[in-house]
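The structure appears right after this line, and notes come after that.
The values are calculated or read from the model by the stated rules, or taken from the named source; none is laboratory data. Note that the structure is predicted; figures quoted are calculated from it, not measured. Here Cβ is always computed from backbone atoms with ideal geometry, including for glycine, and neighbour counts include all displayed protein chains. Protein only, heavy atoms only, side chains kept; ligands, DNA and RNA dropped before computing areas. Shrake-Rupley method; radii C 1.70, N 1.55, O 1.52, S 1.80 Å.
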Amino acid sequence: MTRILLLGGTGDALQIARQLGPVHVYSLAGLGKVPSDLACAVRVGGFGGAEGLARYLCDECIGLLVDATHPYAAQISANAFAASRAADVPCWALRRPAWQPQKGDDWRMVDTWTELIGAMEPFSRPLFTLGREALAHLDEIPAHQYWTVRCLDAHPGNAQASIIDARGPFTTEGERALFSASQIDVVISKNSGGSATDAKLEVARERGLPVIMLRRPDLPSVEREFTRPTDLVDVLRRLIP
Ligand code: NAP
């Protein structure tokens, strides 16, 4: 039987992991919750770069590598590609489609933190939904700004920042309430795709607020790419009944 190593850390990956039996392995970086109710094995922590991952593929007799990591986790996807070549193990990937701007959207695309800070300059009440990156910059908040940062980390914030420790999915009503309570005037986002965190875009559109969007990193092209976890699971079921 083909033994699968599934690289995860997303809700989509967890959905796939739930379909895997005990011979397969679900791998997490170790930054978030580790599920304890899976039939497959779960391993936590880095492999030591592409070389370490290639070694793991050989040592553990992995027959298929599946990259279902987040679209902004570019390093592990690059490592997966390189390791699959080095170990001669096929690599498949779940590549969640990006959100597309709709009528009424005012998206301002940026590539770096410096560009992001520049684009935010005219605004005073940003909502950060990028993950933990903003936490490293709480001491650099300009005098005219108050940041609301939503991420998975508990953090006390400071006089110019509130941290909301919350995990999606988020509802449109919930986002409306947050935008009102925190007087949000700009949204800072990754283009994560999917439906768990897109309500903020709807509310920004309703209110005519701009969204400063961190552009997606380039990801390697692999043997098979899927856009929906259910399609990937269907193919895996045929491969490993
Ligand atoms: P990254 O920059 O691409 O990867 C950094 C390092 O973390 C990798 O080189 C690898 O270490 C280790 N790593 C990452 N994912 C791993 C996995 N599934 N299993 C084992 N090791 C892994 O990743 P990141 O952006 O920090 O994200 C870390 C994890 O959080 C990813 O698994 C991703 O799916 C999840 N996540 C990321 C985001 C985001 O916005 N970036 C959002 C939601 C979830 P070694 O080189 O030592 O192997």
Residue match in the range 84-95 (condition: open to solvent by 30 Å² or more (accessible area, probe 1.4 Å) and within 12 Å of the ligand (Cβ to nearest atom)): no
Residues that are more than 17 Å from ALA78 (Cβ to Cβ) and surrounded by fewer than 18 Cβ atoms within 10 Å (Cβ to Cβ), drawn from the range 216-229: ARG224, THR227, ARG228
Neighbours by Cβ (under 7 Å, 6+ apart or cross-chain): first from the range 202-214, at negative phi; second among the hydrophobic types (A, V, I, L, M, F, W, C) and part of a helix (DSSP H, G or I): VAL203/PHE179; ARG207/PHE179; VAL211/LEU201; VAL211/ALA204; ILE212/LEU116; ILE212/ALA119; ILE212/MET120; LEU214/LEU116
Residue within the range 56-67 that is open to solvent by 40 Å² or more (accessible area, probe 1.4 Å), within 11 Å of the ligand (Cβ to nearest atom) and touching a residue at least 60 places away in the same chain (Cβ under 8 Å) present: no
Whichever residue in the range 8-55 is within 6 Å of the ligand (Cβ to nearest atom) and open to solvent by 50 Å² or more (accessible area, probe 1.4 Å) and, among such residues, is modelled with the lowest pLDDT: LEU31
Test for ALA161: is it exposed (fewer than 15 other Cβ atoms within 10 Å of the Cβ), of a type in the set (A, V, I, L, M) and either outside the structural domain of PRO71 (by TED's automatic domain parsing) or modelled with pLDDT under 95 (or both): no
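Let's see how each residue does on (1) farther than 30 Å from ARG85 by Cβ; (2) in the same structural domain as ALA80 (by TED's automatic domain parsing); (3) not β-branched (Val, Ile, Thr):
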position	(1), (2), (3)
ALA143	yes, no, yes
THR148	yes, no, no
ARG167	yes, no, yes
THR172	yes, no, no
LEU178	yes, no, yes
LYS190	no, no, yes
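Would you confirm whether or not the range 109-120 contains a residue that is among the polar types (S, T, N, Q) and on the phi > 0 side of the Ramachandran plot? I'd like the intermediate steps shown before the answer.
Initial filter on the range 109-120 (among the polar types (S, T, N, Q)): 112, 114.
If we keep only those that are on the phi > 0 side of the Ramachandran plot too, we end up with none.
Checking the range 109-120: not a single residue is among the polar types (S, T, N, Q) and on the phi > 0 side of the Ramachandran plot.
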So SER124, is it closer than 19 Å to LEU31 by Cβ and surrounded by 13 or more Cβ atoms within 10 Å (Cβ to Cβ): no
